[in-house]
Amino acid sequence: MTREFYTYTVSGRHDSCGSVSNPKFQVAGPGGRLLITGQPEYMGQVLAAVAVSLGPFAAGLGKGYSSPAIASLQQRDNDAFPVSGQQASWLASLSLLGALFGAPLGGAAVRWGRRRTLIFASIPLSVCWILVAFATSVEVMGFAAFVSGFLVAIVQLAAQVYVSEISAPSVRGGLSALLKVAGHVGVLVAFAAGAVLDWRQLAGVIAFAPGAMCVAVWRLPESPGWLVLRGCDQEAEQALQWLRGRTVDLHVELGTLKTHVLSRAVPSTPLILLRSLRGPTLIACGLMFFQRFSGANAFNFYVVTVFRQTFDGTNPHSAAIAVAIVQLLSALLSGLLVDRVGRLPLLVGSSVLMSLALASFGSFAYYEDAHRGAIPQLDWIPLLCVLVFTVAFSLGISPISHLLVSELFPLEHRGLGTALATAFSYLCAFIGVKTFVDFQELLGLHGAFWLYAAISVCGLCFVVCCVPETKGRDLNDIDPTR
């Protein structure tokens with residue numbers, strides 16, 4: 001097969017940050033002919049991102065299911081079987097353990113096709129939630145939780161890779177943030193529905209979400225980058241035309257993709273592959289470690305239980321819904337800011353506020369435990385701490401760590417690299433969720449959150465020293481080792 005090569009330059013007004021406003025691309029194609037292209041249209045990219053975001057929405061429903069479902073089970077609502085505290089911690093964490101094994105398979109599956117992977121993982125995921133709705137024992141729920149986590153990891157990995165590859169650099173951060181927003185919407189819906197539905201009814205509602213994603217993704221084009229990587233140049237051009245609009249000349253982008261793929265052959269030895277992946281993997285795994293051990297898992301999976309221990313009169317379900325609403329609004333704000341402010345400023349601000357909020361929550365829990373019954377009702381203090389933490393977490397490290405994972409790895413290794421980072425992320429999440437009860441028993445509620453605050457401070461140092469800025473840069477030009 002003969003491939004044509006294109007060279008291009010960009011002209012336009014440069015702002016103080018070096019970005020080009022109202023760009024015009026001059027493309028030198030085969031034979032030296034000059035082509036002029038304008039700005040791409042974004043409607044196709046937005047529609048594709050919205051359709052794919054139903055996958056993270058289903059994942060968010062599952063994430064938000066644990067807290068109200070465990071509370072419902074422990075209250076023996078509607079013929080629920082007995083569930084101990086340790087069994088509850090296993091139910092909350094088994095989905096993350098399943099995701100640990102699902103992420104590597106997801107890395108292999110996306111090599112088969114990003115869109116295709118999303119479609120084929122959706123139906124079994126719906127079946128898992130139907131199984132939860134009719135479960136008759138903790139063991140059945142645990143099995144369904146493990147398998148659903150396995151499938152959710154595949155869906156989320158494929159969704160993140162797909163959106164990062166179809167998006168223009170100017171909107172990549174915002175569209176990637178849309179996936180996190182969809183996840184937060186799912187958590188909010190699960191919390192709100194869990195306040196009025198029991199655990200069986202809630203599982204039945206969640207079962208519809210993966211099927212909706214399958215229908216929405218069915219008509220989308222495959223990732224152009226993946227198609228070029230497979231040598232399907234004509235299909236890649238058609239996919240780009242759908243995503244960028246009918247009036248846009250695609251020679252510059254398609255030519256860049258072809259040149260990048262042909263100039264970066266897959267390393268033939270494990271040593272070269274290790275060198276190629278070492279830098280991005282260390283940065284991505286570091287971000288995932290500090291995200292997962294920041295205390296977010298304690299709030300997401302045990303929020304109702306935690307609020308019951310610190311509140312005197314406030315309804316914990318209402319507080320959990322308020323937290324989910326703030327989480328959603330913060331994720332929306334992150335999507336608006338990430339391509340304007342940049343990744344690093346949001347990460348630094350997020351880490352600082354999270355550390356302060358966690359330390360304050362731990363201090364309140366210690367003071368209340370030491371003076372229980374001798375102080376007035378101060379429910380607003382722990383709620384404020386959780387809300388500040390939620391804003392900081394959802395504005396910075398939560399969406400940006402996943403965005404950077406999809407940005408740092410080169411196209412030819414993006415599936416493998418993203419799978420490694422995602423598997424490590426779920427391993428940390430599983431350990432974090434499973435050990436929260438153990439930390440609480442060993443250190444007390446206050447000690448557990450002081451520990452999370454110390455980890456967040458270490459995360460701040462890691463961000464400042466190791467994480468590169470990727471704002472406005474083409475995926476093919478990002479090299480974390482430079």
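The values are calculated or read from the model by the stated rules, or taken from the named source; none is laboratory data. Computed from a prediction, not measured in an experiment: that's the story for all the values here. Positions of Cβ are backbone-derived with ideal geometry, glycine not excepted, and every protein chain shown enters the neighbour counts. In case anyone asks, the SASA skips ligands and DNA or RNA and just uses the protein heavy atoms, side chains included. Shrake-Rupley method; radii C 1.70, N 1.55, O 1.52, S 1.80 Å.
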> In nm, to one decimal, how far is the Val457 label point from the Leu443 one, both placed 7 Å along Cα→Cβ?
Replying inline: 1.2 nm
> So what's Rg/Rh here for region 102-251, counting alpha carbon atoms and using the Kirkwood radius for Rh?
Replying inline: 1.04
> From the residues Ala135, Ser93, Gly149, which one has its Cα farthest along the dipole of region 72-175 in the positive direction, the dipole being from +1 and -1 charges on Cβ of Lys/Arg and Asp/Glu about the Cα centre?
Replying inline: Gly149
> Could you give the dipole magnitude of region 37-155 about its Cα centre, charging the beta-carbon of Lys and Arg +1 and that of Asp and Glu -1, in debye to the nearest 20?
Replying inline: 380 debye
> Magnitude of the Cβ-charge dipole of region 102-231, K/R +1 and D/E -1, about the Cα centre, nearest 20 debye?
Replying inline: 420 debye
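Please arrange Ile381, Ile123 by accessible surface area, largest first, computed with a 1.4 Å probe and ligands excluded.
Numbers: Ile381 45, Ile123 90 Å².
Largest accessible area first, the list is Ile123, Ile381.
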>> Principal axis extents for region 48-117, Cα atoms only, whole Å, descending order, please.
In response: 44, 25, 15
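What order do Arg275, Arg200, Arg116 take when sorted by accessible area (1.4 Å probe), most exposed first? Intermediate results must be reported in sequence, preceding the final value.
Details: Arg275 150, Arg200 55, Arg116 90 Å².
The most accessible residue leads, giving Arg275, Arg116, Arg200.
What does the C-alpha gyration tensor say about the overall shape of region 394-447? Classify as rounded when a/c is under 1.5, otherwise prolate if a/b is larger than b/c, or oblate.
Values: a/c = 5.75, a/b = 2.28, b/c = 2.53.
It is oblate, given that a/c is not under 1.5 and a/b is not larger than b/c.
In debye, nearest 20: dipole of region 169-248 around its Cα centre with unit charges on the Cβ of K, R (+) and D, E (-)? All intermediate terms of the calculation are to be shown ahead of the outcome.
Working: 7 positive and 5 negative charges, 33 e Å.
Approximately 160 debye in magnitude.
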